[in-house]
1. Which condition number in (1) more than 7 Å from chain B (Cβ to nearest Cβ); (2) touching a helix residue (DSSP H, G or I) at 6+ places or on another chain (Cβ under 6 Å) is the one that A:ASP22 fails?
2. Please go through segment A:59-74 and give me each residue that is facing chain B (nearest Cβ under 7 Å) and modelled with pLDDT of 85 or more, ordered by number.
3. Please go through segment B:371-383 and pick out each residue that is surrounded by fewer than 22 Cβ atoms within 10 Å (Cβ to Cβ) and either at the interface with chain A (Cβ under 8 Å from one of its Cβ atoms) or touching a helix residue (DSSP H, G or I) at 6+ places or on another chain (Cβ under 6 Å) (or both).
4. Mind telling me which of the residues B:PRO504, B:PRO497, B:PRO459, B:PRO470 ends up being in a loop (DSSP other than H, G, I, E, B) and under 24 Å from B:LEU274 (Cα atoms)?
5. Would a scan of segment B:211-229 turn up a residue that is closer than 29 Å to B:ASN500 by Cα, touching a residue at least 12 places away in the same chain (Cβ under 8 Å) and of a type in the set (D, E, K, R)?
6. From B:ALA351, B:ALA392, B:ALA382, B:ALA438, grab the single residue that is modelled with pLDDT under 95, closer than 17 Å to B:SER332 by Cα and either outside the structural domain of B:SER221 (by TED's automatic domain parsing) or aliphatic (A, V, I, L, M) (or both).
7. Run down B:VAL217, B:VAL211, B:VAL201 and say which single residue is over 27 Å from B:SER292 (Cα atoms), surrounded by 24 or more Cβ atoms within 10 Å (Cβ to Cβ), in contact with a strand residue (DSSP E or B) (Cβ under 7 Å, 6 or more places away or on another chain) and at pLDDT 95 or above.
8. Only one residue in B:GLU427, B:GLU482 is in the same structural domain as B:ARG231 (by TED's automatic domain parsing) and over 18 Å from the mean Cα position of the chain (by Cα), so which one is that?
Amino acid sequence: MSITRDDVLHVAKLAKLSLKEDEIDRMMSDLAKILTYVEQLGELDTTDVPPTAHVAVTSTPLRKDEARSVLAAQETLAEAPRRVEDGFAVPAFVDEG
Amino acid sequence: MSRLLDRPVAALAEGIKAGDYSAEELVRESLDAIEAQSRLHAFLSVTAEHALERAQAVDAARQRGEPLGPLAGVPLAIKDVLCTRGIPTTCGSKILTRSESGRPSSSPARGWRPPYDATVIERINAAGAIMVGKTNMDEFAMGSSTENSGFGATRNPWDPSRIPGGSSGGSAVAVAAGMTPASLGSDTGGSIRQPAALCGVVGVKPTYGRVSRYGLVAFASSLDQVGPFARDVRSAARLLSVIAGPDPNDSTCADRPVGAYEAACDREVRGLRLGVPQEYFGEGLDPEVRTSLEAAISALADQGCSIRPVSLPHTRYGVATYYIVATAEASSNLARYDGVRFGLRIEPAGADLDTLYGATRDAGFGAEVKRRILLGTYVLSAGYYDAYYRKAQQVRTLIQRDFAHVFEQVDALVTPTSPTSAWPLGERIEDPLAMYLADVYTLPASLAGIPGITVPTAPVPARNGRPALPTGLQLLGPAFSEETLFALAAAWETTSPTRNLRPPHA
């Protein structure tokens, strides 16, 4: 299994990770080794085997539709690295030009 | 001088209730032991002030004649993966610290302070337990040695040049070195069982759904479970009975009554059928670990258990399956660390949103976390989903069927917990695959969602200048069979040569 530099940059972009130059090389080689190892699953015939996403969860329980108190806005905002009044601050991302 | 902390949890709580000593004395003994052992780096933060306040409250309640809980006055160490209201919670990651002059902080004291307690924290508090600190771990519980912590490695008290196992290494060491009588950890692929075995203590990975995950920082949501560490089986049983049970804040928590785990420790094991899966005794198992384990299996046979060989044919695919399923889930769970709502924010001047995300995540995550996010993103990405993720989910079904099939023939399985004893710090850190293979005996049970308990067996003997090192026996059973596992673990413990053994560096 070979992993190209573009493969790493593509998944890093999807995962919102900006990698340093030496990290890119390292990840190319690590991912290639790990993906080669996991290819052994191809030895198994899994035709008609249903996938398991979750074990032992048979139903999603419902609670009564009653109002209850949750975290107050100020508590939620208390650990924000940057805030503006009653909200989380982010760089502008809508181009209003 | 004999220490109070060497007593089992039930005896400690009884002593508090009887007024033989105060919760404050007990907590001070624990804080002193933590201080004396600080070079093992088991703790990321020590909550001395909080603990002494809580201890005084327990002592005051006793003086007023109020009823005390099953963990009254008992000091506990808590893995830093569990949210504790107002107390720094880092998950071993710099991304959960506040930035200092544009860089991540290297101090866990600058960690994120959660606005709420995890359900298990509420439960131990209600039972009278006293948290003395938050323990070190592999970043986001990703690792088998605690070397992946963003704040430095933890050392094994049997030989401080060796790893304690992981990811709950700090919680295992706190108990092994006598800093606390018990602790809480989390187990996604072996993160309680493996460090417990390598440090010579009892560790329990409950059935998936047995314990609430509300307030447990998520790694792989179809696998994560919270569980106890303790010196002895009964203490672990008491702690599990406090934290287990349904929780309206966790819809994956099973709506089933909690078993009588402590009482189960006195159950007769005669007549129980134990399976020895041949795949767990093949290539890769250290011969001395095997010898230690075989002695434990014979001891269980002497107590009237019947032992028979069984087969779990898909065992060898466990590691590959796990490292697809767990990384896929992790890549999704870790998307929440965006530099906006809590923790680290790295924002170069004039940065747009994507630059903020990328710079924060690059500076905040360590190498193993990045590796797993990239791998998880890859196996879920267009064109690879069926070949990797769906395939792994199908093999997960086969692994589950293996267990379902053998549990028609036997009541429980006995296996090694780890193929080797503790290895030297640094030995596997550059080879992720070698590190992953350390979990070969714990991963299949995690994938099947079944419970596991590890109990110490005879240490492998000292050799070539290295001291004797602990090993563990893993007991696995069908979903919600914790009582049977506690009975077997306690039965072995009564004859175990490891009783009252203490690590030399504690």
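1. (2)
2. Residue satisfying the conditions is A:LEU71 alone.
3. Result: B:ARG371, B:LEU380, B:SER381.
4. B:PRO497
5. First, pick out the residues of segment B:211-229 that are closer than 29 Å to B:ASN500 by Cα: B:225-229.
Applying the additional criterion that residues be touching a residue at least 12 places away in the same chain (Cβ under 8 Å) yields B:225-229.
With the extra rule that they be of a type in the set (D, E, K, R), the set shrinks to none.
No, the conditions are met nowhere in segment B:211-229.
6. Numbers: B:ALA351 fails: closer than 17 Å to B:SER332 by Cα; B:ALA392 fails: modelled with pLDDT under 95; B:ALA438 fails: closer than 17 Å to B:SER332 by Cα.
Exactly one residue qualifies, and that residue is B:ALA382.
7. Within the list B:VAL217, B:VAL211, B:VAL201, the selection yields B:VAL211.
8. Values: B:GLU482 fails: over 18 Å from the mean Cα position of the chain (by Cα).
That would be B:GLU427, the only listed residue that is in the same structural domain as B:ARG231 (by TED's automatic domain parsing) and over 18 Å from the mean Cα position of the chain (by Cα).
The values are calculated or read from the model by the stated rules, or taken from the named source; none is laboratory data. Predicted, not measured: the structure shown is a model, and the values here were computed from it. With ideal geometry, Cβ positions are generated from the backbone for all residues, glycine too; neighbour counts draw on all protein chains shown.
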